[in-house]
Amino acid sequence: MNMDELRIQIDAADRELLAALAKRTAIARKIGEYKKINGLPVLDTAREEAKMESLKNQAGDEIKSYVEEFYNTVFDISRKHQEKPLFGVLGQHLPHTYSPAIHNIFTDEYTYTIIEKEPEELDELFSCGAYGGFNVTIPYKREAAVRCDVLEKDAADCNSVNTVVFGKDGKTYGYNTDIFGFCFMLTSAGIDPKGKKCLVLGHGGAASAVGYGLEKMGAADIKFSDLYEEINYENVYDVCADAEVIINCTPVGMFPKVDNQVVDLSRFTKCDSFADVVYNPSRTKLLQQAKSLGMKTAGGLTMLVAQAYKSYKFFIGDNEGADKITPEAGEMIKRVVRTLENRMMNITLIGMPGCGKSTLAKEIARITGRELIDLDDAYSVEYGESPSTTITEKGEDAFRANETKLAARYLPESGRILSTGGGIVTRDENYFWLRNNSRIIYVKRPLDVLASEDRPLTARDGVEKLYSQRKEKYEGLADITVDIEKKDNKSEFLAEAIGKLREAGFEV
């Protein structure tokens, strides 16, 4: 075993250690939350002493002498984490919220948790005294407004609260930072609603904030459409045919039901801009359609991060900083958006059969610690035979239909590394799934280096014909092309590919 192999092993051990520490710290936060709710002290000396003795007894001989020193540090971290002020995000069901990640990037002055409550539990939550405050999401923004003693102007005007702060004076303060987040999102995308006719899809708490934001930005006319409103999703094409800016404030298209859209944007022939407050997936079906129609577009992640920044300022008591967002703060918001995009979006590799997608995907997964999904391997597990067997025995169409089902299952998830089959680009219906939540890398190689073993389509049609059929599709889908000439060995190929990805801003 050489030094490189040993370093790979210790890198893997460090990733496991970091993951375990992250898990333990998250559990410590939950314990701290429980203690605050139930009025219990953070420090339990007897418990810590008994735990330390147990850990020393469990420790292997090589680490026994280090256990007490190591766990004294771990216990100290846990206590500090539990003693911090506690904030969070309130909703009914929040399985995939990004809010904790955002607030943990902005600050370490408080801990941030997920608060899932049913409507009948809200009164107890607001009176329990465990939290310094919380963000509020669907469906409780108006419920929060009626429970606040003091509403700042924006929150009062739109009757919607997405940020609650429990003041030291005993009063409950309600703010709406969604309005700022929405305006920041439009401005960042170069969308100006001033003097334009605007259509808001949905009429809940988020829509109220968006409508108020559009007023502040000078929109000439604002209409709302919802299922049971006077303007609904059947007559909206007639009543609002001349809408110039459209904003989706419904959860339609949100993960996991990503293959949905509430309207057909192509029927609004005067529309030049579209924004979606949905942030997961990164490229909703409506956003993809708007882009294909040549509209200016804005996705909900920027709004989410911008409103979170303003909330964070309220949480730490910096009301002046919340009211006056400086250009430097704006740049910080944009940096956090880029950081989250890097973390949350999949890295998905496309390219010709045998170009090295699987090899590169494995290396990226090793470096980043992300989960690796090779769709060809997933196919074999799902259908009990390899792609080449299906193609040979049942035909290419049968294989492509199955491949699309796997794409629909795996590609909307977040934070994965995915290696696709070379022909996934041959079906137009796969484009939505590929673009849905991925940064797409096209691995381009000289045709004479492509492997052809166990590739029936290459054997049938020849590599040149396949490439001519797929070249424009690869290039059209790619966010970045990694063009690697012939290399003497795998190490050289990987070194150049990883270097080019880092130059392009990928965190690998």
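Here is how the numbers come out for the structure above:
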item: Cross-link partners of K405 among lysines (Cα-Cα below 16 Å; sequence separation of 8 or more within a chain); result: K257
item: Table column - 3J(HN,Hα) (Hz), segment 424-431, Karplus curve with 6.51, -1.76, 1.60, x for Gly and Pro; result: 4, 7, 7, 10, 4, 5, 6, 4
item: Table column - 3J(HN,Hα) (Hz), segment 325-340, Karplus curve with 6.51, -1.76, 1.60, x for Gly and Pro; result: 7, 7, x, 5, 5, x, 5, 5, 4, 5, 5, 5, 4, 5, 4, 5
item: Separation of the R142 and L21 label points, Cα + 7 Å toward Cβ, nm; result: 4.7
item: Taking all pairs of distinct alpha-carbon atoms in segment 107-207, Kirkwood radius in angstrom; result: 15.1
item: Rounded to 5, percent antiparallel among DSSP beta bridges of the chain; result: 15
item: Rounded to the nearest 20 debye, dipole of segment 9-73 from Cβ charges on Lys, Arg, Asp, Glu; result: 500
item: Segment 267-362: Rg to Rh, with Rh as the Kirkwood radius over Cα pairs; result: 1.12
item: Whole-percent carbon and sulfur share, accessible surface of segment 168-235, 1.4 Å; result: 49
item: For V278, distant residues with modelled amide H under 5 Å away; result: G300
item: MRE, 222 nm, helices only [DSSP H, n ≥ 4, -39500 (n - 2.57), over the chain, to nearest 500]; result: -15500 deg cm²/dmol
item: Sites K486 and K291, calculated FRET efficiency, Cβ-Cβ separation with R0 35 Å, nearest 0.05; result: 0.45
item: Surface per residue (accessible, 1.4 Å probe) for the chain, Å²; result: 49
item: Cα-based Rg and Dmax for the chain, where Dmax is the largest Cα-Cα distance (Å); result: 26.0, 77
item: HN-Hα J in Hz across segment 409-423 - Karplus 6.51, -1.76, 1.60, θ = phi - 60°, x for Gly and Pro; result: 7, 8, 6, x, 5, 10, x, 9, 10, 10, 10, 9, x, x, x
item: Spatially proximal lysines relative to K216 (Cα-Cα < 18 Å; intrachain offsets below 8 disregarded); result: K153, K194, K196, K197, K310, K324
item: Computed over the chain: relative contact order in percent, which uses C-alpha pairs under 8 Å that are six or more apart; result: 9
item: Volume per residue that the Cα convex hull of segment 1-114 spans, once the total is divided by residue count, Å³; result: 155
item: Whichever aspartates and glutamates have a C-alpha closer than 13 Å to that of K23, once near sequence neighbours (fewer than 8 apart) are set aside; result: none
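The values are calculated or read from the model by the stated rules, or taken from the named source; none is laboratory data. Worth saying up front: this structure is predicted, and the values here are computed from it rather than measured. Note that we place each Cβ from the backbone using ideal geometry, even for glycine, and neighbour counts take in every protein chain shown. Calculation scope for accessible area: heavy atoms of the full protein, side chains included, ligands and nucleic acids excluded. Shrake-Rupley method; radii C 1.70, N 1.55, O 1.52, S 1.80 Å.
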